[in-house]
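Worksheet: one structure, shown below.
The values are calculated or read from the model by the stated rules, or taken from the named source; none is laboratory data. Treat the numbers as computed from the prediction; the structure is a model and nothing was measured. Here Cβ is always computed from backbone atoms with ideal geometry, including for glycine, and neighbour counts include all displayed protein chains. Quick note on the areas: whole protein, heavy atoms, side chains included, nothing else; ligands and nucleic acids left out. Shrake-Rupley method; radii C 1.70, N 1.55, O 1.52, S 1.80 Å.
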Amino acid sequence: MTLSHVDTEAKPAADQAVPRPSHGRRRLPVIAAGLLLAVLVLAALSLSVGAGEVGPGAVLDYLLGRHGARDNARLSLVVGDLRIPRTLTALLVGAALGTSGSLLQAVTRNPLAETGLLGVNAGASLGVVAGIAFLGVQSGPGHLLWAFGGAIVASGLVLLIAGRRGGGSPMRLVLAGSALGATFGGITSVIVVNSAETYDRFRFWVLGSLAGVEGFGKLTGLLPVLAVGFLIALLVARPLSALALGDDLAKGLGHRPSTIRVVVAVAVTLLTASAVALVGPISFLGLLAGFLARTLAGPRLTAQIALAGLIGAGVLTGADVLARVVSRPFEAPVSVIVALIGAPVLIGIVRSRRLGAMGMTDPATQEAAPPKRRFSVWPTRRAEGTEEREDSLVLRGGTLSVLLPRRAALAALALAALLVAAVVLSAYAGQSEMGLTRTFNAVLGSGDRFDVLLVQKFRLGRIVAGLTAGAALGLAGCLTQTLARNRLATPELLGVNDGATAAVLISTTLTGTFGAWWAGPLGALVAVLVVTTVSGGLGRRGYRVLVVGLAMSALASAVTQVVLTRRSLNSASSLYVWTSGSLNGRGYSVATPVLIGLAVLVPLALVVARQLNVLRFDDSTASSLGVAPDRVRMFCLLLAVALAGLAVGICGPVGFVALASPVIAGRLAGPLRVPVVGSMLTGAVLIVVADTVGRVLLDGVEIPVGIVTTVLGGPFLLWVLLGRSSAARV
């Protein structure tokens with residue numbers, strides 16, 4: 001999952017409207033001229049570098065028509081048919097992605113929004129995969145058509161869902177895009193994992209490349225669409241600036257906020273869909289360009305959009321040049337180069353003093369207390385002062401007594417019973433000749449010897465691995481959401497999943513064997529140490545942590561993609577299944593270390609749960625109650641990282657379990673306590689049930705557990721979005 005899952009909404013009204021000093025206005029033309037000059041230099045370099053051994057002098061002769069250069073067949077092929085179309089495509093696609101990123105960040109009031117937010121990339125990927133798998137589309141115009149069609153369909157559905165009930169708000173756009181993007185991504189993975197040929201074509205297309213640009217055919221077909229997108233972006237800049245002042249002020253100035261958001265979404269869709277169709281999904285570029293433009297231009301939105309287009313064009317053109325030269329005679333994936341260039345730049349920006357000038361410093365603590373009955377399933381009628389005591393059971397044993405919350409205890413018992421049923425069902429699934437009674441007896445170790453061997457040796461090992469991974473993910477999500485005070489926060493925000501995944505794949509490459517359980521926690525720890533160190537610690541630097549976490553995720557994801565593309569098809573297919581989240585072949589050997597880790601970490605989480613309850617208030621209140629916020633926050637963060645890393649080491653980066661488990665457990669246990677035990681049980685149930693569904697849904701084909709949770713996680717987010725307003729505010 002991406003950072004768009006978190007409501008990082010910047011202060012919209014005051015920060016956007018603060019006038020800047022006059023020297024800033026005088027400096028802006030100089031910055032724009034410098035960027036334009038850099039883009040021209042990079043374009044000239046792009047025309048001069050590449051296959052064919054044609055140097056700058058020959059290129060200049062061809063462009064100027066000197067010395068009969070245009071009559072030279074070799075020069076016409078290399079320069080006229082390859083380099084010029086490729087350079088123009090890089091410039092236009094980069095400008096389109098940069099402009100889209102700036103528009104999206106402005107309309108969502110989220111400086112961390114990126115161009116995949118409206119489900120464009122996921123829809124385009126699904127379109128290409130469907131074309132390859134079902135219609136035998138090979139390349140070129142076929143990919144172009146299916147990518148563009150999938151992107152348009154995805155964005156249309158997002159706008160339709162987000163606009164229901166008078167919506168169209170930034171948060172609804174974020175949730176709808178994330179939900180549908182996840183569902184489309186899961187469906188794409190279902191198709192890919194069941195077809196090696198489809199995966200072989202898809203794994204290179206999904207990295208993004210300009211190597212397939214030959215002639216002006218593809219660019220000419222989408223040039224009108226790009227022109228319309230740029231024109232809409234230009235026309236919408238002024239009303240979008242009014243929208244930055246807030247919906248009420250925008251209405252007072254004669255604008256219609258919902259219409260503005262729809263128009264912006266249309267522009268972003270046209271630009272991004274065209275870019276994805278031409279060169280594949282280039283992630284991170286829209287975020288980087290919009291972020292840098294905001295840094296340079298300040299609150300002036302028109303200048304932000306223009307500079308973002310220039311930055312996007314320059315970065316993509318430069319990345320394409322590097323992609324041609326860093327691994328000659330082969331080409332490196334351009335999206336990997338963009339991540340390697342952009343992540344350090346983004347980190348450098350966020351470490352600078354410009355962050356405060358961008359209106360991205362963390363606001364003073366705004367939540368004085370947690371919303372008390374927002375997530376309640378049934379109302380509590382007790383008086384405020386006696387609610388906890390009357391809703392609890394006191395267990396006494398000699399001089400010791402334990403206060404047991406009644407509702408939380410009942411919820412835990414219900415979840416435990418559901419977990420037992422899920423385990424029995426999973427042990428039974430796929431064994432049609434065994435009844436439930438024989439299966440249950442085999443689980444307990446009685447009955448036919450063959451049944452016991454089959455169930456306990458082969459089935460229960462996998463089930464235990466799923467239980468431990470689910471419990472770890474559920475608890476990690478609970479800790480992360482409590483720390484962030486956000487129901488949509490997950491450990492992925494800190495680069496934990498991507499760091500752990502990259503570490504496991506690197507260990508596989510170095511050792512030649514797969515399954516080192518320690519690599520996941522180690523990679524997660526390295527990722528979070530880098531994030532916290534570079535961002536200057538946690539404290540009140542929320543935006544810094546989020547930006548650096550996103551940059552870390554981009555770098556780790558780039559490493560993962562490079563490892564997959566450099567392996568043989570069979571090996572890459574197997575590793576791709578694992579990176580989608582899979583329990584296939586996992587058993588007691590990987591579950592045992594995680595069980596030991598849970599035996600140590602769960603009691604620690606229960607000990608700090610009481611302090612976590614206090615931490616849901618503001619820091620000053622927590623300090624007055626004897627809780628050290630920074631110390632508790634760091635301790636819980638390390639717990640969440642260790643748990644998430646252990647889970648990734650077992651079954652790969654399974655999505656949505658860490659997100660959904662605390663939300664479900666919180667609704668069952670009530671809003672007054674951190675649902676530590678309930679989140680663990682819920683996570684375990686979700687993993688076991690998803691794994692069972694993946695094994696029995698399609699006859700003879702196993703769907704990885706991570707794909708099942710991703711496909712089902714999209715509707716879950718939609719339920720959050722379309723539910724009651726209290727739930728939708730998360």
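Of the helices (runs of 4 or more DSSP H) lying entirely inside the stretch 177-260, the ones with 1 or more residues being among the small types (Gly, Ala, Ser) and open to solvent by less than 40 Å² (accessible area, probe 1.4 Å) are found at 217-243, 247-252. Close contacts from the stretch 310-328, counting a first residue that is assigned to a loop (DSSP other than H, G, I, E, B) and a second that is at pLDDT below 95 and open to solvent by 10 Å² or more (accessible area, probe 1.4 Å), with Cβ to Cβ under 7 Å and a gap of 6+ residues or different chains, come to VAL326/ALA332.
Can you find even one residue in the stretch 700-723 that is farther than 28 Å from GLY523 by Cβ and either modelled with pLDDT of 85 or more or among the hydroxyl-bearing types (Ser, Thr, Tyr) (or both)? Looking through the stretch 700-723, none of the residues is farther than 28 Å from GLY523 by Cβ and either modelled with pLDDT of 85 or more or among the hydroxyl-bearing types (Ser, Thr, Tyr) (or both).
Would you pick out the residues in the stretch 129-140 that are crowded, with 24+ Cβ neighbours inside 10 Å and at pLDDT below 85? Walk me through how you get there before you give the answer.
Start the filter on the stretch 129-140 by keeping residues that are crowded, with 24+ Cβ neighbours inside 10 Å, which leaves 129, 132.
The answer is ILE132, and nothing else.
Yes or no: ALA551 at pLDDT 75 or above, hydrophobic (A, V, I, L, M, F, W, C) and in a helix (DSSP H, G or I)? Answer is yes for this residue. For ALA306, state whether it is over 21 Å from the mean Cα position of the chain (by Cα), at pLDDT 85 or above and closer than 30 Å to LEU145 by Cα. The answer is yes for ALA306.
Pairs please, first residue from the stretch 636-649 and under 17 Å from VAL674 (Cα atoms) and open to solvent by less than 10 Å² (accessible area, probe 1.4 Å), second anywhere and among the β-branched types (Val, Ile, Thr) and in a helix (DSSP H, G or I), Cβ atoms under 7 Å, 6+ apart in sequence or on different chains. Cβ pairs passing all conditions: CYS636/VAL608; ALA640/THR480. Residue pairs whose Cβ atoms lie under 7 Å apart, sitting 6 or more positions apart in sequence or on different chains, and linking a residue in the stretch 658-672 that is at negative phi and surrounded by fewer than 24 Cβ atoms within 10 Å (Cβ to Cβ) to a partner that is among the aliphatic types (A, V, I, L, M) and not in a helix (DSSP H, G or I), are ARG667/VAL377; LEU668/VAL377. What about SER100, is it part of a helix (DSSP H, G or I) and in contact (Cβ under 8 Å) with a residue 60 or more places away in the chain? So SER100 fits the description; yes.
If you check ARG70 against the conditions, is it modelled with pLDDT under 80 and out of contact with any Gly (no Cβ under 7 Å at 6 or more places or on another chain)? Spell out the reasoning first.
On the way: modelled with pLDDT under 80: yes; out of contact with any Gly (no Cβ under 7 Å at 6 or more places or on another chain): yes.
So ARG70 fits the description; yes.
For the stretch 408-508, list the helices (runs of 4 or more DSSP H) that sit wholly inside it and hold at least 1 residues that are open to solvent by 10 Å² or more (accessible area, probe 1.4 Å) and more than 24 Å from VAL654 (Cβ to Cβ); which are they?
Values: elements: 436-444, 449-452, 460-484.
Result: 436-444, 449-452.
Just one of the listed residues (LEU625, LEU686) is open to solvent by 40 Å² or more (accessible area, probe 1.4 Å) and over 29 Å from GLY185 (Cα atoms), and it is LEU625.
For VAL225, are the conditions met, namely being in contact with a Ser or Thr (Cβ under 7 Å, 6 or more places away or on another chain) and either within 20 Å of THR269 (Cβ to Cβ) or modelled with pLDDT of 80 or more (or both)? So VAL225 fits the description; yes.
Evaluation of LEU37 against the conditions (1) surrounded by fewer than 20 Cβ atoms within 10 Å (Cβ to Cβ); (2) out of contact with any Ser or Thr (no Cβ under 8 Å at 6 or more places or on another chain); (3) more than 30 Å from LEU296 (Cα to Cα) shows that the sole unmet condition is (3).
Residue-wise test of (1) small (Gly, Ala, Ser); (2) over 28 Å from GLY185 (Cα atoms); (3) open to solvent by less than 30 Å² (accessible area, probe 1.4 Å).
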site: ASN570; (1), (2), (3): no, no, no
site: SER574; (1), (2), (3): yes, no, no
site: GLY585; (1), (2), (3): yes, no, no
site: TYR588; (1), (2), (3): no, yes, no
site: LEU595; (1), (2), (3): no, yes, no
site: VAL600; (1), (2), (3): no, yes, no
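If you check ASP691, ASP699 for being open to solvent by 10 Å² or more (accessible area, probe 1.4 Å) and acidic (Asp, Glu), only one passes: ASP699.
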